[in-house]
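One structure below.
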Amino acid sequence: MSDATSHDAPRRNGMNGVLLLLGLSVFINYIDRANLSVAAPLLQDELRLSHAQLGILLSAFFWTYACMQLLAGWVVDRFEVKWVFAIGFLVWSLATAFTGALHAFAALVVVRVVLGIGESVAYPAYAKIFANHFAENQRGFANSIVGAGQSLGPALGILFGGSLVARFGWRPFFVVLGLVSLLWLPPWLRWMPRTAVTGARDMELGPSLSEIIGHRSSWGTWIGHFCSNYFLYFLLTWLPFYLVRERHFSVERMSKIGGATFFLAALSSPICGWLSDRWISAGATPTRVRKTFMGVGMACNGIFLVGCPAASDVVLILLMLLTGASFGLVSSNLNAVTQTLAGPHAVGRWMGVQNFVANLAGAVAPALTGFLVGRTGKFYWPFVITSVIAWVGAIHWVWVVGPLEQVAWKLEPIPGDLRTRARSSSPRAP
């Protein structure tokens, strides 16, 4: 065995442990996001909230989460990512625990805002770690582990959370979940990765924010991610309520259907991530592979979802399961696109802006759905709107995003010339 191989093996083993911890962190992250939707029917009755108030409460997290992305992306590029992520995880776990102790609508809105602040560092941190420690033909699977956690969190949160909430009430669920989550921190503090190039050097070698904004591919990923998130957050925040109140399923049956939908997404994600990496290793270009998975996945999301309002109960369940499975194509490849385009020096800021735009969907989807349901008494228009947005996202990922190659943010200095001129290798936005 060569020296390079022997040195690489421990590093790969160490990063496998880090990848497992990152998957577990996003699993916890998305349980914390979805738990309020599981508790929504009971919480609405206990606090006597209107549909509009419930929509505001469900979207409060996303307003702060989205706005904080701009700062979080800069912080992840500027400071040691491992510590930024640890602090954010601590904040969001404590916010979840405190939720179960509150009784006023205003106080619940505040703690959801704090939850958004803590969770805002997660995806810029994931992107920074993957861009620095994983090659192109490894990023599909690496991102799919995060995608699986993103779906498995709601799957188990809805499946078991619904049952636990029905049996013990919603308050103990929040308190125990938040406190148990803190057990994640000790192994992270022990095994968290060291990023080779960080801080001031990344800010020097990477682009300015205006340079990132000037690229057509930036807008393609941002709008495409907004469309993907609108679809996801519509399901996360309103699917349990829809199944219980409009379809008249019991809380336990709702838990099984919602849990199975997200479980299939969690199962599909690593399979699709592995397939995409294998396709690239076999010689296909990242452009062809990533765009195929993104375009087909989002198109199928819209196709399966649009038929749900008019479907019988049996067909509805089938469509929801297909929707979950097709989402795995998207979650396994979405962030890999950005990591390739931005490169390690700019990925934090690019992903920060991307998550800002994308998570405006989390603010809009719950509130708009609550308004439309309050006005019409039905979920027909929310389902149609979400499907159309998914199709718009497919168009952006396939035709607006350019070739998947790292942008050459800086030219190499000419010998004897200390000046370094910024030049984009991607087409600029019109």
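The values are calculated or read from the model by the stated rules, or taken from the named source; none is laboratory data. No experiment lies behind these values; they were computed from the predicted model shown. All Cβ positions, even for glycine, are placed from backbone atoms using ideal geometry, and neighbour counts span all protein chains on display. Just the protein is used for accessible areas: all its heavy atoms, side chains included, with ligands, DNA and RNA removed. Shrake-Rupley method; radii C 1.70, N 1.55, O 1.52, S 1.80 Å.
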* **Tilt relative to the chain, helix 3-47 - C-alpha long axis, 0 to 90 degrees, to 10** => 30 degrees
* To do: Express in nm, to one decimal, how much length is gained between residue 312 and residue 375 on full extension, taking 0.36 nm for each residue of separation and deducting their alpha carbon distance.
  => 20.3 nm
* Total Lys pairs in the chain closer than 28 Å by alpha-carbon, pairs eight or more apart in sequence or interchain only? -> 6
* Asked: Over region 19-65, what percent of the accessible surface lies on carbon and sulfur atoms, probe 1.4 Å?
  -> 68 percent
* Which angle from 0 to 90°, rounded to the nearest 10, does the C-alpha axis of helix 105-119 make with the longest principal axis of the chain? -> 20 degrees
* Cα axis of helix 81-99 to longest principal axis of the chain: angle in degrees, 0 to 90, nearest 10? -> 10 degrees
* To do: For region 202-334, give the percent of accessible area contributed by carbon and sulfur heavy atoms, probe 1.4 Å, rounded to a whole number.
  => 70 percent
* Structure fact -> So, with points 7 Å from each Cα along the Cβ direction, the residue 79-residue 190 label distance in nm works out to 2.5 nm
* To do: Be a star and scan region 304-323 for residues whose amide nitrogen sits under 18 Å from the point 7 Å along the Cα-to-Cβ vector of residue 384.
  => 304-312
* Asked: So who's got an amide H within less than 5 Å of the one on residue 215, skipping anything under 5 residues away but keeping other chains? H placed 1.01 Å off N, in plane.
  -> 429
* How much area per residue is accessible in region 229-334 when the probe is 1.4 Å and only protein heavy atoms are counted (Å²)? -> 36 Å²
* Given H placed on each backbone N at 1.01 Å, which residues far from residue 249 in sequence or on other chains put an amide H within less than 5 Å of it? -> 244
* To do: Return, for the Cα atoms of the chain, the radius of gyration and Dmax in Å, separated by a comma.
  => 21.2, 75
* To do: Springs between alpha-carbon atoms under 10 Å, Gaussian network over the chain: tell me which of 45, 313, 32 tops the mean-square fluctuations.
  => 45
* Work out how much length residue 135 to residue 168 would gain on full extension: take 0.36 nm times their residue separation and subtract the Cα-Cα distance, in nm to one decimal. => 7.3 nm
* Asked: Okay, helix-only estimate at 222 nm for the chain: each DSSP H run of n ≥ 4 adds -39500 (n - 2.57), divide by all residues, round to 500 deg cm²/dmol; what do you get?
  -> -26500 deg cm²/dmol
* To do: Give me the number: length gained by fully extending residue 213 to residue 253, i.e. 0.36 nm times residue separation minus the C-alpha to C-alpha distance, one decimal in nm.
  => 9.8 nm
* Please give, to one decimal in nm, the separation of the simple spin-label points placed at residue 182 and residue 281, each 7 Å out from Cα toward the Cβ. => 4.2 nm
* Asked: What nm value, rounded to one decimal, do you get for the distance between residue 395 and residue 104 when each label is placed 7 Å out toward the C-beta?
  -> 4.7 nm
